[in-house]
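Colleague: My structure is below; once you've seen it, I'll send some questions.
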Amino acid sequence: MDTNLNGLRGSHPYFITQRGADWAASKQLMPEDSAEYMKLVKQLVPTLDPVIEQYLSEGLSSFVGRHYFASAVMVGAASEKAVYMLGDSMYGALKDPNDQKDLQSFLNGRSMKQLFDFIRQKLEKTIDLGAKKCPIPYPVHEGAVAHLASLVDAIRVQRNDAVHPQNAAVTPDSVRLSYGAFPHALEKMEKLGDWFKNNAASI
């Protein structure tokens, strides 16, 4: 079918914004391209949790529809689920019964800050033992703390900015950053969680 592109351009002019140019030039996947985004997530995490998948799918639909508060809540909920899954997998890898007791109380109490602090501190303490003493292989723990922090930051946006109307601070850029960080953060949490499950009483 022939299309008069010149005629279309003349009657419906379009402009390339700086955001559009940056997006086109970027190699980072954006939430605007929801199909490719989910494709990447499933490539990175073949055993993607169905609840996380649903949160992400609905969040991406909200983002495309410019419902940024709803989108922030969804990626925050997906991030929260990922952190709790990591906590569950860490339980059996702990040597100290007191550590197990503390972790279980944080999991049961649904205190994200306490759970995050516990996981982060345990990871940092284990990693700080050095290459020869750290039981977690470097490819598994590399960047784990930073990725964990990015998930918790998405949760912060969800809880502090999106669900408190007085803040009204959710922006497309803040939500886009959360979605941009999520796939690789989830991949790292999955690798770490798998290692925990296969190495009982190791940390």
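Colleague: Looking at the stretch 74-86, I want the residues that are buried (at least 24 other Cβ atoms within 10 Å of the Cβ) and have a partner that is aromatic (F, W, Y) and in a helix (DSSP H, G or I) with Cβ atoms under 7 Å, at least 6 apart or on another chain. Which pairs are those?
Modeller: Final answer for the pair search is M74/Y55; V75/Y179; V75/F182; A78/Y55; A78/F182; S79/F182.
Colleague: Also, quick follow-up: With the structure loaded, tell me whether L48 is open to solvent by 70 Å² or more (accessible area, probe 1.4 Å), of a type in the set (A, V, I, L, M, F, W, C) and outside any helix (DSSP H, G or I) or whether it fails that test.
Modeller: no
Colleague: Looking at D128, D161 in this structure, which one is modelled with pLDDT under 95, farther than 21 Å from P31 by Cβ and more than 16 Å from the chain's Cα centre (by Cα)?
Modeller: On inspection, the qualifying residue turns out to be D128.
Colleague: Something else about it: Of these, K113, K133, K101, K95, which one is part of a loop (DSSP other than H, G, I, E, B), more than 21 Å from V41 (Cα to Cα), without any contact (Cβ under 8 Å) to a residue 40 or more places away in the chain and open to solvent by 70 Å² or more (accessible area, probe 1.4 Å)?
Modeller: Within the list K113, K133, K101, K95, the selection yields K133.
Each row is one residue, and each column tells you yes or no for (1) modelled with pLDDT of 95 or more; (2) in a helix (DSSP H, G or I).
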| position | (1), (2) |
| --- | --- |
| R156 | no, yes |
| V170 | no, no |
| L177 | no, yes |
| P183 | yes, yes |
| K191 | yes, yes |
| D194 | yes, yes |
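The values are calculated or read from the model by the stated rules, or taken from the named source; none is laboratory data. Because the structure is a prediction, the values reported are computed rather than measured. Don't worry about glycine lacking a Cβ; one is built from the backbone with ideal geometry, like all the others, and counts go over all protein chains shown. Side chains included, ligands, DNA and RNA excluded: accessible areas come from the protein's heavy atoms. Shrake-Rupley method; radii C 1.70, N 1.55, O 1.52, S 1.80 Å.
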